[in-house]
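Asks: One structure is given below, represented as structure tokens, and several questions about it will come after.
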Amino acid sequence: MRRIDHAEASTKFIRARDHLDFHDKRLWDLRKKRDRESEGLAEWETLRELASAIKEHTLSHLADYLEQFERNAIANGAQVHWAKDAAEHNQIVHDILKAHGTHTLVKSKSMLTDECEMRPFLENRGIEVMETDLGERIQQLDDEPPSHIVVPAVHKLRGDVARVFAEKIGTDPKNSDVHYLAESQRQHTRPYFLKAEAGMTGANFAVAETGTIVVCTNEGNADLSVHLPNLYIASVGIEKVIPSIEHLGVFVRLLSRSALGSPITQITSHFRAPRAGTAMHIVLVDNGRSERLGMPDFWYSLKCIRCGACMNTCPVYRRSGGLSYGATYSGPIGVIIDPTFNLRKYSSLPFASTLNGSCTNVCPVKINIHEQIYKWRQIIAERHQLPFVKQEAMQVAGKVLSNPKLYRAAVEATGAGIEHLPRFMMYNRLNAWGRQREVPAAPSLTFRQWYLKNRQRKARTR
Amino acid sequence: MKVALFVPCYVDVFFPEVGIATLELLERLGVEVTYPLDQTCCGQPMGNSGCHSDAAATEALFVKNFSGFDYIVGPSGSCAHHVRENLTAIEQTAQVTRVRERTFELVEFLHDVLEVKAFPWAEFRHKVGLHNGCATLRALREAKMSEIHEPAFSKPMDLLSKVKGIQFVKPDRPDECCGFGGTFSVFEEPVSARMGYDKVNDHHRAGAEYIVSGDMSCMMHQKGCAERLGLPLKFIHIAQILNGARA
Amino acid sequence: MTSRNEILARVRANQPPAVSLPGIPTFGKPLVSLPEAFRAALLRMGGKFAEAPEDGDLDALIRRLFPEARVICSATPEVKGTRRIGEVKQPGQLADVEVGVVRAVFGVAETGSLWVTEREFKVNSLGFLSQHLVALLDPARIVGNMHDAYRERAQFDFGYGAFLTGPSATADIEGVLIHGAQGIRTLTVVFARRAAAKDLTHRQ
């Protein structure tokens, strides 16, 4: 399987200057809006601590809470299915839809269904799947995965959307007015809500106490997907469970503030039971989560509530775009989750980070993201999957830096070398540093040499 | 108190003036400073590359060189942080633990241990942008982090504001990472350079003549970017300003 | 072994050491009045606010707010509208509704949200297929924050309930804010005490 090369992908992204500038500014703006909310709530850090503790408690008792959730969901009249992996999830969903005579499925945004690659699976079996979230729909029509978990088409400018819509849903190719484009998608999608035999959502939270599925949207598309067809399927990662209704207060107060800098999403839906005469199915999905639960350094990533704040603040993500990570989950959370799906394929992702720690600070559930990134690097090195030609270089570095005489010989050579290399050799393609930066000039004396020359009398030999 | 001077490898080679300023500053403040001659590096290059076991011998040498001191002080936030948090490839004996706990970044040491209230010899009549490296800011917690709801404070600013004539500019994104990130600067060069360009442009737009930092690694990267862009920015370490550099 | 049992067994085997569940404290109360705070939050989220008519004629108010609307469907007996919700057999039959009307159970001052369940909607799609929604809210039934809201425990026993906060919205294209994404284009809140049954001159 081909290794994702984040650095190469980022080069393409950075070359498109207008797109880069917009992408960076837009997401930084969301980060600033988040800050205004966090500064405005005296209890902000307390809420983060609570959210983190509730999630850690739940994950440490996950089996009991899953069983409680299942019991209550069944008592409400829903049917509960368990999928150990993506393939089983897709098969379960397909079988439910087929048994119901489904031709058209409308769905709201669900990263889990993207993770499972559900759409192509269903489409190949004759079920039309309509993404109803505007950003997801743009990406569906453009045959591209979503680039951000909250704003899926944030990497596109209005001209890009106009092009896609003109090509795929017959809008005026010369009209890139955003209101026109959004209204066009609304009008085009509406008949699908009305004719679909089935609707699907993901879940932001699954409440064990009541068997409730909680979905937070701004567009209203989850509700339209659920309240119109006679069949509702919810795809739920097993880590989405929380103990009680009361805990929703903590998470709902944190989620949209973290994601978009707004106190709450326009609609916060609580789906507990099917309407009379309709069916509700819940598919609980593992797909590697139970295994991740057993990783002492990495299980904290299961606390994630999919707010995207880490992406908004990450200076690398903002300048490379979600698609450069080559995975459903991108940005900082992607960096620590994706290696569990395929270590080799995603071995470059933990190095697509400066370890600056901003992600950890904005995470509403206090996932120690940058510390996990650091730990993943160790695992990748141990499994000899370092993406760059580093293993040998680091061994050499380790030998030189642990030997004072070797070190002095090396730095004194470097010092002399850099001064005397001709300019064209410094700035060739092989020297990455010099591509866009001047190389530091090495002074004629190292500190140690200066010290020996000027302070030798005071020097202690050890 | 017995203080050892820890001069990070890249300061030793590329910015010896920062090591000199640190030494002189500590001596001005009456500190007895020893410079262990056989020091090399804290091991961060291997550590940050995930090459944990390759760092062990370097870590052991660090501990050997810096044992027996009350404090180990170095002009680098990222190196001090690495020693305090990540020097874990070697067995954690009492000696190792002691050396790790006692390693301080210069500003921390001046602010929290020596509690320096004045630098009478210092004067820097320039417009300055303060850059707190990410390890200095978020790991060593030397100033309020913009992401966190916490009271405003800044140890570097406390010290620098004692300098006569200094003026601070306000960049747009004061604590966004500048993009150095160690080997990131080479293996993710496109994003690294873009981040560096954005950082220096931000300070330049805010009116900075100088960018000052406690981390010369960040400065090295930003300087490289500014020079390539042809920006009239100069780069200086906090130690140099506090030690009395006029420019 | 079934997937269910396989998953549960692996989860049990891998669960980290137990972390205790924290209690949720009570946080501070807002300094302004709850209806004032609610109104400010509602407007901030893109909602609208209309003063209750002095003569109590809500139908007239709605006609004034939406002079072009032909199909007005009310889920509350306090407003007559033009289509009776009781006659709706299929949720899709509300597709042509221009103005939906509902009475909210309570409001939340912190966010400007309204809590509405299947009991108030009668047909849930009313809150999402209507082009515009008008919601009646008793100003005495406004709680402080979302913790208070989630303590209204009985409300979460219904098969469906939602916090509605302003109109449906999106900023997915270049961050430009659009009201009326897939759901309602506007949400208008009217502070009105619930009418006593004897005051209602019509039935649904």
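The values are calculated or read from the model by the stated rules, or taken from the named source; none is laboratory data. It should be emphasised that the depicted structure is a prediction, and the values quoted were computed from it without experimental measurement. Quick reminder, even Gly has a Cβ in these numbers, built from the backbone with ideal geometry, and neighbours come from all protein chains shown.
Asks: For C:Gly56, state whether it is more than 14 Å from C:Val101 (Cβ to Cβ), more than 14 Å from chain A (Cβ to nearest Cβ) and loosely packed, with under 15 Cβ neighbours inside 10 Å. Spell out the reasoning first.
Replies: Details: more than 14 Å from C:Val101 (Cβ to Cβ): yes; more than 14 Å from chain A (Cβ to nearest Cβ): yes; loosely packed, with under 15 Cβ neighbours inside 10 Å: yes.
Yes.
Asks: Moving to a separate point now. In the stretch A:388-405, what residues are under 13 Å from B:Cys51 (Cα atoms) and either surrounded by fewer than 17 Cβ atoms within 10 Å (Cβ to Cβ) or more than 8 Å from chain B (Cβ to nearest Cβ) (or both)? Lay out the reasoning, then the answer.
Replies: Residues of the stretch A:388-405 that are under 13 Å from B:Cys51 (Cα atoms), as a first pass: A:388-399.
Those that are under 13 Å from B:Cys51 (Cα atoms) and either surrounded by fewer than 17 Cβ atoms within 10 Å (Cβ to Cβ) or more than 8 Å from chain B (Cβ to nearest Cβ) (or both): A:Phe388, A:Val389, A:Gln391, A:Glu392, A:Ala393, A:Gln395, A:Val396, A:Lys399.
Asks: Follow-up question, since we're still on this one. Evaluate the following for A:His6: is it touching a Gly at 6+ places or on another chain (Cβ under 8 Å), modelled with pLDDT of 95 or more and not acidic (Asp, Glu)? Before you say what the answer is, go through the steps one by one.
Replies: Details: touching a Gly at 6+ places or on another chain (Cβ under 8 Å): yes; modelled with pLDDT of 95 or more: yes; not acidic (Asp, Glu): yes.
Yes.
Asks: Let me ask another. Please work out which residue is farthest from the other protein chains (Cβ to nearest Cβ), limiting yourself to the stretch C:123-157 and to residues that are among the β-branched types (Val, Ile, Thr) and more than 23 Å from C:Cys73 (Cβ to Cβ).
Replies: Step one: list which residues in the stretch C:123-157 are among the β-branched types (Val, Ile, Thr), which gives C:123, C:134, C:142-143.
Applying the additional criterion that residues be more than 23 Å from C:Cys73 (Cβ to Cβ) yields C:142-143.
Numbers: C:Ile142: 15, C:Val143: 11 Å.
Only one residue tops the list, namely C:Ile142.
Asks: For the list (1) of a type in the set (S, T, N, Q); (2) surrounded by fewer than 24 Cβ atoms within 10 Å (Cβ to Cβ); (3) within 16 Å of the chain's Cα centre (by Cα), I need the number of the one condition that A:Gln385 fails.
Replies: Among (1) of a type in the set (S, T, N, Q); (2) surrounded by fewer than 24 Cβ atoms within 10 Å (Cβ to Cβ); (3) within 16 Å of the chain's Cα centre (by Cα), the lone unmet condition for A:Gln385 is (3).
Asks: Can you tell which of A:Arg318, A:Arg306, A:Arg344 is outside the structural domain of A:Gly237 (by TED's automatic domain parsing), crowded, with 24+ Cβ neighbours inside 10 Å and of a type in the set (D, E, K, R)? Show your work before the answer.
Replies: Values: A:Arg306 fails: crowded, with 24+ Cβ neighbours inside 10 Å; A:Arg344 fails: crowded, with 24+ Cβ neighbours inside 10 Å.
Of the residues listed, the single one that is outside the structural domain of A:Gly237 (by TED's automatic domain parsing), crowded, with 24+ Cβ neighbours inside 10 Å and of a type in the set (D, E, K, R) is A:Arg318.
Asks: Still on this structure: Would you pick out the residues in the stretch B:188-212 that are crowded, with 24+ Cβ neighbours inside 10 Å and touching a strand residue (DSSP E or B) at 6+ places or on another chain (Cβ under 9 Å)?
Replies: Correct list: B:Lys199, B:Val200, B:His203, B:Ala208, B:Ile211, B:Val212.
Asks: State all residues of the stretch A:341-390 that are acidic (Asp, Glu) and more than 17 Å from B:Leu137 (Cβ to Cβ); if no residue qualifies, say none.
Replies: Let us first name the residues in the stretch A:341-390 that are acidic (Asp, Glu), namely A:371, A:382.
Answer for the stretch A:341-390, where residues must be acidic (Asp, Glu) and more than 17 Å from B:Leu137 (Cβ to Cβ): just A:Glu382.
Asks: Right, next: Between a residue in the stretch C:1-14 that is more than 7 Å from chain A (Cβ to nearest Cβ) and free of Cβ contacts under 8 Å to residues at least 40 places away in the same chain and any residue that is among the polar types (S, T, N, Q) and in a loop (DSSP other than H, G, I, E, B), which pairs come within a Cβ distance under 6 Å, given they are 6 or more apart or on different chains?
Replies: none
Asks: Which of the residues that make up the stretch B:10-47 are out of contact with any strand residue (DSSP E or B) (no Cβ under 9 Å at 6 or more places or on another chain), more than 7 Å from every other protein chain (Cβ to nearest Cβ) and part of a helix (DSSP H, G or I)?
Replies: Result: B:Tyr10, B:Glu24, B:Leu25, B:Arg28, B:Gln44, B:Gly47.
Asks: Related question: Identify, by number, the condition in (1) among the acidic types (Asp, Glu); (2) out of contact with any His (no Cβ under 7 Å at 6 or more places or on another chain); (3) not assigned by TED's automatic domain parsing to the domain that holds A:Ser320 that A:Glu45 doesn't meet.
Replies: (2)
Asks: Additional query: From the list A:Lys33, A:Lys12, which residue is within 30 Å of B:Pro151 (Cβ to Cβ), of a type in the set (D, E, K, R) and either outside the structural domain of A:Val283 (by TED's automatic domain parsing) or at pLDDT below 95 (or both)? If you could, list the steps in order and put the result at the bottom.
Replies: On the way: A:Lys12 fails: within 30 Å of B:Pro151 (Cβ to Cβ).
Criteria check complete, one pass: A:Lys33.
Asks: For the stretch B:145-187, which residues satisfy the criterion of being touching a helix residue (DSSP H, G or I) at 6+ places or on another chain (Cβ under 7 Å) and of a type in the set (Ser, Thr, Tyr)?
Replies: Result: B:Ser146, B:Thr183, B:Ser185.
Asks: On the given criteria, is B:Val99 without any contact (Cβ under 8 Å) to a residue 60 or more places away in the chain, β-branched (Val, Ile, Thr) and buried (at least 21 other Cβ atoms within 10 Å of the Cβ)?
Replies: Values: without any contact (Cβ under 8 Å) to a residue 60 or more places away in the chain: yes; β-branched (Val, Ile, Thr): yes; buried (at least 21 other Cβ atoms within 10 Å of the Cβ): yes.
Here the answer is yes, as B:Val99 does meet what is asked.
Asks: Name the residue that is nearest to the other protein chains (Cβ to nearest Cβ), counting only residues in the stretch A:319-349 that are in contact with an Asp or Glu (Cβ under 9 Å, 6 or more places away or on another chain) and without any contact (Cβ under 8 Å) to a residue 60 or more places away in the chain. Steps first, answer last, please.
Replies: The initial filter retains those residues of the stretch A:319-349 that are in contact with an Asp or Glu (Cβ under 9 Å, 6 or more places away or on another chain), namely A:319-320, A:323-330, A:340-341, A:345-346, A:348-349.
Within this subset, residues satisfying the condition of being without any contact (Cβ under 8 Å) to a residue 60 or more places away in the chain are A:340-341.
Details: A:Thr340: 13, A:Phe341: 17 Å.
The residue in question is A:Thr340.
Asks: If we scan the stretch C:29-43, do we find a residue that is aliphatic (A, V, I, L, M), within 9 Å of chain A (Cβ to nearest Cβ) and under 16 Å from A:Tyr65 (Cα atoms)? Quick ask: steps written out before the conclusion?
Replies: First pass over the stretch C:29-43, keeping only residues aliphatic (A, V, I, L, M): C:31-32, C:34, C:37, C:40-43.
In the following step, the residues that additionally are within 9 Å of chain A (Cβ to nearest Cβ) were identified as C:41.
If we keep only those that are under 16 Å from A:Tyr65 (Cα atoms) too, we end up with none.
Among the residues of the stretch C:29-43, not one is aliphatic (A, V, I, L, M), within 9 Å of chain A (Cβ to nearest Cβ) and under 16 Å from A:Tyr65 (Cα atoms), which makes the answer no.
Asks: Please pick out the residue among A:Met111, A:Met118 that is within 25 Å of A:Val241 (Cβ to Cβ), touching a helix residue (DSSP H, G or I) at 6+ places or on another chain (Cβ under 6 Å) and among the hydrophobic types (A, V, I, L, M, F, W, C).
Replies: Details: A:Met111 fails: touching a helix residue (DSSP H, G or I) at 6+ places or on another chain (Cβ under 6 Å).
So the residue among A:Met111, A:Met118 that is within 25 Å of A:Val241 (Cβ to Cβ), touching a helix residue (DSSP H, G or I) at 6+ places or on another chain (Cβ under 6 Å) and among the hydrophobic types (A, V, I, L, M, F, W, C) is A:Met118.
Asks: Being more than 8 Å from chain C (Cβ to nearest Cβ), in a helix (DSSP H, G or I) and within 21 Å of A:Leu248 (Cα to Cα) narrows it down to one residue among A:Arg71, A:Arg36, A:Arg31; which is it? Before the answer, list the steps.
Replies: On the way: A:Arg36 fails: within 21 Å of A:Leu248 (Cα to Cα); A:Arg31 fails: within 21 Å of A:Leu248 (Cα to Cα).
The unique qualifying residue is A:Arg71.
Asks: Which is in a helix (DSSP H, G or I) and either surrounded by 22 or more Cβ atoms within 10 Å (Cβ to Cβ) or within 13 Å of the chain's Cα centre (by Cα) (or both), of C:Gly166, C:Gly161, C:Gly127? Talk me through it step by step, then tell me what you get.
Replies: Numbers: C:Gly166 fails: in a helix (DSSP H, G or I); C:Gly161 fails: in a helix (DSSP H, G or I).
The conditions single out C:Gly127.
Asks: When both residues are 6+ apart or on different chains and their Cβ atoms are under 9 Å apart, which pairs have a first residue that lies in the stretch A:270-282 and is within 9 Å of chain C (Cβ to nearest Cβ) and under 17 Å from A:Ile92 (Cβ atoms), and a second that is among the basic types (Lys, Arg) and surrounded by fewer than 19 Cβ atoms within 10 Å (Cβ to Cβ)?
Replies: Sorted first by the residue in the stretch A:270-282, then by its partner, the list stays empty.
Asks: Oh, and also: Kindly indicate whether C:Glu51 is under 17 Å from C:Arg141 (Cα atoms) and not polar (S, T, N, Q).
Replies: On the way: under 17 Å from C:Arg141 (Cα atoms): yes; not polar (S, T, N, Q): yes.
Here the answer is yes, as C:Glu51 does meet what is asked.
Asks: Report the residue count in the stretch A:351-376 for those that are surrounded by 24 or more Cβ atoms within 10 Å (Cβ to Cβ), of a type outside the set (Val, Ile, Thr) and more than 17 Å from B:His81 (Cα to Cα).
Replies: 7
Asks: Moving on to the next point. Do we have A:Lys109 as of a type in the set (D, E, K, R), part of a loop (DSSP other than H, G, I, E, B) and touching a residue at least 40 places away in the same chain (Cβ under 8 Å) here?
Replies: Judged against the criteria, A:Lys109 is a match.
Asks: Quick one: in the stretch A:78-93, of everything that is facing another protein chain (nearest Cβ under 8 Å) and touching a residue at least 40 places away in the same chain (Cβ under 8 Å), which residue is surrounded by the fewest Cβ atoms within 10 Å (Cβ to Cβ)?
Replies: That would be A:Lys84.
Asks: Yes or no: the stretch B:174-182 includes at least one residue that is closer than 24 Å to A:Gln436 by Cβ, away from every other protein chain (no Cβ under 11 Å) and in contact with a strand residue (DSSP E or B) (Cβ under 9 Å, 6 or more places away or on another chain). Please lay out each step first, then the result.
Replies: Let us first name the residues in the stretch B:174-182 that are closer than 24 Å to A:Gln436 by Cβ, namely B:174-182.
With away from every other protein chain (no Cβ under 11 Å) added as a condition, the list becomes B:174.
Those left that are additionally in contact with a strand residue (DSSP E or B) (Cβ under 9 Å, 6 or more places away or on another chain): B:174.
So far as the stretch B:174-182 goes, yes, one or more of its residues are closer than 24 Å to A:Gln436 by Cβ, away from every other protein chain (no Cβ under 11 Å) and in contact with a strand residue (DSSP E or B) (Cβ under 9 Å, 6 or more places away or on another chain).
Asks: Another question, then. Is there any pair linking a residue in the stretch B:107-127 that is in a helix (DSSP H, G or I) to one that is among the aromatic types (Phe, Trp, Tyr), with Cβ under 7 Å and at least six apart or on different chains, and which?
Replies: B:Phe109/B:Tyr71; B:Val113/B:Tyr71; B:Val113/B:Phe104
Asks: Please give the helices (runs of 4 or more DSSP H) falling wholly within the stretch C:1-110 in which 1 or more residues are out of contact with any helix residue (DSSP H, G or I) (no Cβ under 9 Å at 6 or more places or on another chain), closer than 30 Å to A:Ser301 by Cβ and at pLDDT 95 or above. Talk me through it step by step, then tell me what you get.
Replies: Values: elements: C:3-14, C:34-44, C:58-65.
Helices (runs of 4 or more DSSP H) meeting the threshold: C:3-14.
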